Amino acid sequence: MLDTLRTDFQVIFERDPAARNWLEVIFCYPGLQALWIYRLAHWLHNSLRLPFLPRLISQIARMLTGVEIHPGAVIGKGAFIDHGMGVVIGETAIIGEYVLLYQGTTLGGTGKES
């Protein structure tokens, strides 16, 4: 888990020329904050099988960051959400490693099928 969080952090410096220092990235990059909060909610969703708490955490993250990620989505390490306002990642989304997403992206199912 720590390796994934570290990779999420490091990939920003590799892909964003505006990333100047670690303090700015941690406190001013809502895409990173949303991913880190998602990883906690996803762990709770999978490990403890708690349906309410992970969804509550994801809604709080949405209010704070403008990025909505369902705790049931699967996101590989090193994902980077740049300018994340309006990004929606649904429960059925599967995102690989080192994927770059920009603002306004919506991923997930379009119907009621499982």
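The values are calculated or read from the model by the stated rules, or taken from the named source; none is laboratory data. Computed from a predicted structure; not experimentally measured. Every residue, glycine as well, gets a Cβ built from its backbone with ideal geometry; the counts of neighbours run over all protein chains shown. Quick note on the areas: whole protein, heavy atoms, side chains included, nothing else; ligands and nucleic acids left out. Shrake-Rupley method; radii C 1.70, N 1.55, O 1.52, S 1.80 Å.
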Original post:
Counting only protein chains, not ligands or nucleic acids, how are Glu24, Glu14 ordered by accessible area (probe 1.4 Å), most first?
Top reply: Glu14, Glu24
**OP:** Evaluate the charge dipole of region 1-109 about its Cα centre and quote only its size in Debye, nearest 20, assuming +1 on the Cβ of each Lys and Arg and -1 on the Cβ of each Asp and Glu.
**Re:** 260 debye
Subject >> Surface share of carbon and sulfur [accessible, 1.4 angstrom probe, percent] for the chain >> reply: 61 percent
**OP:** With no solvent and one equal point scatterer per Cα, compute the Debye intensity ratio I(q)/I(0) for the chain at 0.15, 0.18, 0.22, 0.23 Å⁻¹ and report its log10, rounded to two decimals.
**Re:** -0.60, -0.87, -1.29, -1.40
**OP:** Give me the accessible area per residue for region 18-114, probe 1.4 Å, as a whole number in Å².
**Re:** 59 Å²
Subject >> Residue list for region 50-79, given a label point 7 angstrom along the Cα-to-Cβ vector of Gln10 and an amide N cut-off under 13 Å >> reply: 77-79
Original post:
In region 43-69, which residues have a backbone nitrogen under 15 Å from the label point lying 7 Å from Met1's Cα in the Cα-to-Cβ direction?
Top reply: 43-50, 54
Original post:
When the chain is modelled as a GNM with alpha-carbon springs shorter than 10 Å, which of Ile94, Ile12, Ile81 fluctuates the most?
Top reply: Ile94
Original post:
Roughly speaking, what is the centre-to-centre gap between region 1-19 and region 29-53 when only Cα atoms are used, to the nearest Å?
Top reply: 18 Å
